[in-house]
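The values are calculated or read from the model by the stated rules, or taken from the named source; none is laboratory data. What you see is a predicted model; the values in this text were computed from it and never measured. Cβ: placed from backbone, ideal geometry, glycine included. Neighbour counts: every protein chain shown.
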Amino acid sequence: MTLVGKPGRTGALMPLEEARERLLALAHASPVRESESVALAASEGRVLARDLISTLDLPPWPNSAMDGYALNLADWTDEPLAVSQRVFAGHAPEPLAPGTCARIFTGAPVPVGANCVEMQENAQVMADGRVLFTEALKAGQNIRPQGQETTVGEIVLPAGTRLGPIEQGLAASLGCATLDVIRRFKVAVLSTGDELIEPGQPLGPGQIYNSNRRVLCSWLARLGCEVIDAGILPDDLPATRQRLAELGAADLILSTGGVSVGESDFLGMALREAGELDLWKLAIKPGKPLTFGHFNGTPVIGLPGNPASTLVTFALLARPYLLRRQGVQAVDPLTFQVPAGFAWTKPSNRREYLRGRLENGRAVIYKNQSSGVLRSAAWADGLVEVLEGSTLAEGDPVGFIPLSEVLG
Ligand code: AMP
Ligand code: MG
């Protein structure tokens, strides 16, 4: 048996940062590099395989930020100016005739020769149609300069950027109809436990419905992954060996349950036989036990089975790992500080990730924080982080990780 990473921490709890660093180092060492070209409209959640470089100045020409009049400051006197042309968005103007102004609309190219735009509210149209400018004018006012957003050759989005609505909009503004993205990351989702059955079947004695599978399959789809649904695995060593062997096409096997070092840790046994296993006892709650190993060269992450533990360990560890393997740099969950709307009197040697929400700017927590209660997370809109060994009075700062961010 080879231990992946540092041995000798028997009994000691591993700080979250250490576990994450170790997972990220492993992820960094086995990046998925194969890329494919996808239509912009099909790029949601995908990761850019190479830098998106601008082939345009954006905007391509100076344009008006207002409905109004374009003129040259040198022509601005107490006398009204004749309107020599009307410039609409989508149309090319003539150069501005000296001593005149141009009627112009938002987004229309500013005629050569004009160097400022006055908004129509400040312009006085005379009976003869000429326009008087009475307010102070400045060169460049109300003109969006060429290249204000980007210039040709600039890296607009670096490789490793995840593509959401905003990134897709930016690519569209540069005229990209297709994008080079990392091929879909393949995750095999495995639910272990003799007690599990799927929704739709009658519940027998001792059985529970498999909820982790649904959580992880939906979540992974949101993360742009290709999900290989590997079903339910009974608590049995030969079955575990065989199922793992069938999943060699995956980039990652993600299993839940059976990782608490016990008699039914068949995942651990199978990985140990296959040569590589690391069992971590994390200093977090929920979610203490976590398994990392390889089976025939395929990485395996074993998350704890309690639904809230699965959620927390996926958000804090598995998600960063699988994003980093696709080259994403910013993988740590966004955390910000908010005042606690509750008191915490019992310090723990594990960092707590309480399911909570923001009410009037303060973090409040669900009444039942049992790791078996998924409802806590449905009620919550974030994970409230209480550091190891700390107590809290109401109003003390606590970390808050929005679920909307980690889920997307
Ligand atoms: P384990 O880690 O296998 O000891 O499981 C811990 C707890 O989580 C047990 O109460 C299991 O019944 C429960 N559990 C494990 N897997 C799932 C699952 N896929 N869906 C819902 N609950 C589960
Ligand atoms: Mg189990």
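Computed quantities for the displayed model
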| quantity | calculated |
| --- | --- |
| Verdict on residue 243 being at pLDDT 95 or above and touching a Gly at 6+ places or on another chain (Cβ under 9 Å) | yes |
| Residues of the range 229-262 classified as within 16 Å of ligand 1 (Cβ to nearest atom) and under 25 Å from the mean Cα position of the chain (by Cα), total | 5 |
| Matching residues in the range 107-134 - criterion: being in a loop (DSSP other than H, G, I, E, B), out of contact with any Phe, Trp or Tyr (no Cβ under 6 Å at 6 or more places or on another chain) and either farther than 14 Å from residue 81 by Cα or not assigned by TED's automatic domain parsing to the domain that holds residue 97 (or both) | 107, 110, 111, 112, 113, 115 |
| Selected residue (criterion: nearest to the chain's Cα centre (by Cα)) from residues of the range 20-66 that are among the small types (Gly, Ala, Ser) and within 29 Å of residue 278 (Cα to Cα) | 27 |
| Candidates 147, 160, 200, filtered to the one that is small (Gly, Ala, Ser) and under 25 Å from residue 30 (Cβ atoms) | 160 |
| Members of the range 240-278 found to be within 15 Å of ligand 2 (Cβ to nearest atom) and assigned to a loop (DSSP other than H, G, I, E, B), listed by number | 257, 258, 259, 260, 261, 262, 263, 264, 265 |
| Verdict on residue 180 being of a type in the set (Asp, Glu) and touching a Gly at 6+ places or on another chain (Cβ under 6 Å) | no |
| In the range 288-307, the residues that are more than 16 Å from residue 192 (Cα to Cα) and within 13 Å of ligand 1 (Cβ to nearest atom) | 288 |
| Residue, farthest from ligand 2 (Cβ to nearest atom), within the range 355-375, restricted to residues that are under 28 Å from residue 252 (Cβ atoms) and either crowded, with 19+ Cβ neighbours inside 10 Å or aliphatic (A, V, I, L, M) (or both) | 355 |
| Check on residue 310, touching a Lys or Arg at 6+ places or on another chain (Cβ under 9 Å), of a type in the set (Val, Ile, Thr), modelled with pLDDT of 95 or more and within 12 Å of ligand 1 (Cβ to nearest atom) | no |
| Strands (runs of 3 or more DSSP E) wholly inside the range 323-408 containing at least 3 residues that are among the aliphatic types (A, V, I, L, M) | 362-365, 382-386 |
| Residue tally, condition out of contact with any Asp or Glu (no Cβ under 6 Å at 6 or more places or on another chain), over 30 Å from residue 43 (Cα atoms) and surrounded by 14 or more Cβ atoms within 10 Å (Cβ to Cβ), over the range 181-236 | 9 |
